[in-house]
Each structure stands twice: as structure tokens, then as C-alpha cells.
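A.B. asks: Encoded as C-alpha cells, here's the structure I'll be asking about.
The values are calculated or read from the model by the stated rules, or taken from the named source; none is laboratory data. Treat the numbers as computed from the prediction; the structure is a model and nothing was measured. Here the Cβ positions follow ideal geometry from the backbone for every residue, glycine too, while neighbour counts run over all protein chains shown. Side chains included, ligands, DNA and RNA excluded: accessible areas come from the protein's heavy atoms. Shrake-Rupley method; radii C 1.70, N 1.55, O 1.52, S 1.80 Å.
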Amino acid sequence: MVTRERKGPAPEISEENTRDKILNAAGEVFAEQGFEGATVRAITERAGVNVAAVNYHFRDKAELYTRVVVGACSVRAAYREAIAEAPDSPDARLRSLIYHFLEYLLDPARPGWKRRLMAREMANPTTALDELVKNNIQPLRDEFLIPTLRELTGGCFSRRQLSYIGSSIMGQCLYFLQSQPIIDRLNPDFKIGKGESWRNLLPFARDASGIPRGTPVSEIAEIAEHITRFSLAAVTELTRQARRS
């Protein structure tokens, strides 16, 4: 009888799994204890790996922290989705960006530690925030949001003014993330879930609320439509005033 030797996972797959375990465990520990309070030993114990594995994949705790923050708080996926769709009209592009940004922020499947970690980083910023802004948030603003707003406003505003408008729009999205404990208490029946996506709403005629009649939509799509309509109304009025002055 011939027995076959049982092969283990390919080394690259095993290394990738180990790296993911370290990143997830580190995210939880950093979110709970902050960068200063977290120890590599606590991270390795939670990940179920040895210290040598951390040293193999990351130079030190600082690099591990940066990789965790950038991975947990990156908006690159939302940016790529919005770019991939890139509707012809600027108002549709803005609607796409708002939806994908909100879907990223409010996805109920997104681990809670990612929100807590971002809150910690905003309260006590490190060099990880520099990388996050440079490689994620700034490209989204400069390459997508500002050009879309410039087209919407017909060149009536300076870049600084467009940046203010963009911050106001993104701030509405972030409110639903940062103020979720308040929203939950004010509206106990309002629960964020995922239903129909923004792209599935496009072929249907919308009613006065902006949502297609008879179409079951997720709260994320509903919030996105509200923010889009509110923002477009504000941009239209600001542009009208600028042209009159």
C-alpha cells in the first residue's frame, strides 16, 4: 500500500495568513490600548504567533501600527469604486462618491475595532496619519472630489472655497460614523444594514425623497441619497449667489 505524503499549505499562503493574523490582532490591541500601551507580546499572544513572526513581517511596532492604521482607515477602496463607475455627469459622480464612502464607513460587517482605532488616531495623531492622508484621503480630494465640485460650480470658486465645500460634504458622511451612539439613542429603530446598493437605484425613477418608489433600499443608500440631495441643493444655491455677486 502506497501512502502519499500530506502536503501543507504553500509557504506564501501560510505567510500571508500569519501576516493577516498579526494585523487583525494588532488592530484589536491598538484600538483597546493605544500605540503606547500596546505591547508586541500582547499582540502575538492574541494572534497565536511568536515574536519572530512579527519581526519577520514588520520592522518594529511603529511600522506594524502604521500598516494597521492605513489598512483599517483607508478610503482607497471607496475611491476606486467611485472612479471605476465615473458617471458622465458631475452630480452623478458626487452621488457615487458619497454612496461608496458611506458604504465603507458604515458597513455593518466592518470590525468595530477599526472605528475605535481611527478615533484614537484622530485624538492622538502619529506619523501613521501622515501616510493615511497622503496616500488615501488627499488623492480622493484632489483627483476626484475637487474636480467634480469645480465642474458642478462652473469655476465660480477658488480651490480653497471648493475645499470648504468638500469638507462640508464629507463631514455629513462622517457624522453618521462618529455620532452613531447618539443616533442610536435618538432613533432606536434605525439600524444600519445593507440592502439595495446605489448602483441598483439608478435605473428607477425617484420619488420626492430621492429613493425609487417601491424599491427596498438599505439605510446606507437612503442616507447617501439624502446627503447628495442636500449637498447639491447647497452647491446650486452657492453657485447662484456667486454668479450674482
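A.B. asks: Mind ranking 174-186, 154-166, 134-146 by how tightly packed they are, going by the mean number of other C-beta atoms within 10 angstrom, highest first?
C.D. replies: Values: 174-186: 12.9, 154-166: 14.5, 134-146: 16.3.
Highest-to-lowest ranking by the protection proxy: 134-146, 154-166, 174-186.
A.B. asks: Got a sec to turn the phi values of the stretch 130-136 into Karplus ³J(HN,Hα) couplings, 6.51 cos²θ - 1.76 cosθ + 1.60 with θ = phi - 60°, whole Hz, x for Gly and Pro?
C.D. replies: For the stretch 130-136, the Karplus curve yields 4, 5, 4, 5, 4, 9, 10 Hz.
A.B. asks: Residues of the stretch 74-104 with backbone nitrogen within less than 18 Å of a virtual label 7 Å along the Cα-to-Cβ line of Asn135, please, listed as ranges.
C.D. replies: Those under the cut-off are 74-81.
A.B. asks: Can you check what the net charge comes to around Asn24, using other residues whose Cβ is under 11 Å from the Cβ of Asn24 (Lys, Arg +1; Asp, Glu -1)?
C.D. replies: Values: positive: Arg19, Lys21, Arg46, Lys114; negative: Asp20, Glu28.
Surrounding charge for Asn24 is +2.
A.B. asks: With only Lys, Arg, Asp and Glu charged, each at its Cβ (+1 for the first two, -1 for the last two), find how big the charge dipole of the stretch 1-152 is about the Cα centre; round to the nearest 20 debye.
C.D. replies: Working: 22 positive and 23 negative charges, 86 e Å.
Here the stretch 1-152 has a charge dipole of around 420 debye.
A.B. asks: Can you pull the one-decimal nm distance between simple spin-label points at Arg46 and Ala92, each 7 Å off the Cα toward Cβ?
C.D. replies: Placing both labels 7 Å along Cα→Cβ, they lie 4.4 nm apart.
A.B. asks: Express the carbon and sulfur contribution to the solvent-accessible surface of the stretch 12-117 as a percent, rounded to the nearest whole number, probe 1.4 angstrom. Provide the component values of the computation, followed by the final result.
C.D. replies: Working: 2380 of 5040 Å².
The computed percentage sits at 47.
A.B. asks: From Cα pairs below 8 angstrom and at least 6 apart in sequence, can you work out the relative contact order of the stretch 1-156, rounded to a whole percent? Don't skip to the answer; put the middle values down first.
C.D. replies: Numbers: 120 pairs, mean separation 42.0, N = 156.
Contact order relative to length: 27 percent.
A.B. asks: Not counting ligands, DNA or RNA, and with a 1.4 Å probe, what is Phe35's accessible surface area in Å² rounded to the nearest 10?
C.D. replies: So the heavy atoms of Phe35 present about 60 Å² to solvent.
A.B. asks: Quick one: ranking His57, His100, His226 by accessible area, 1.4 Å probe, largest first, what do you get?
C.D. replies: Details: His57 35, His100 5, His226 100 Å².
Sorted by accessible area, descending: His226, His57, His100.
A.B. asks: While we're on this one: Pull out the extension gain between Phe190 and Phe230, defined as 0.36 nm times the separation in residues minus the alpha carbon to alpha carbon distance; nm, one decimal. All intermediate terms of the calculation are to be shown ahead of the outcome.
C.D. replies: Values: separation 40, 0.36 × 40 = 14.40 nm, distance 2.01 nm.
Result for the pair: 12.4 nm of gain on full extension.
A.B. asks: Here is a further query. Give me the number: length gained by fully extending Ser245 to Ala123, i.e. 0.36 nm times residue separation minus the C-alpha to C-alpha distance, one decimal in nm.
C.D. replies: Numbers: separation 122, 0.36 × 122 = 43.92 nm, distance 4.01 nm.
Residue separation times 0.36 nm, minus the Cα-Cα distance, leaves 39.9 nm.
A.B. asks: For Tyr79, tell me the accessible area in Å² from a 1.4 Å probe, rounded to the nearest 10.
C.D. replies: 30
A.B. asks: Give Lys21/Lys61; Lys134/Lys191; Lys114/Lys191 a once-over and call out the pairs whose C-alpha atoms are over 24 Å from each other.
C.D. replies: On the way: Lys21/Lys61 15 Å; Lys134/Lys191 33 Å; Lys114/Lys191 19 Å.
Violating the 24 Å Cα-Cα cut-off are Lys134/Lys191.
A.B. asks: Taking a temperature of 25 °C and a viscosity of 0.890 mPa s, what whole-number D in µm²/s does Stokes-Einstein yield for the stretch 25-180 with Rh from Kirkwood over alpha carbon pairs? All intermediate terms of the calculation are to be shown ahead of the outcome.
C.D. replies: On the way: Rh = 17.1 Å.
The diffusion coefficient I find is 144 µm²/s.
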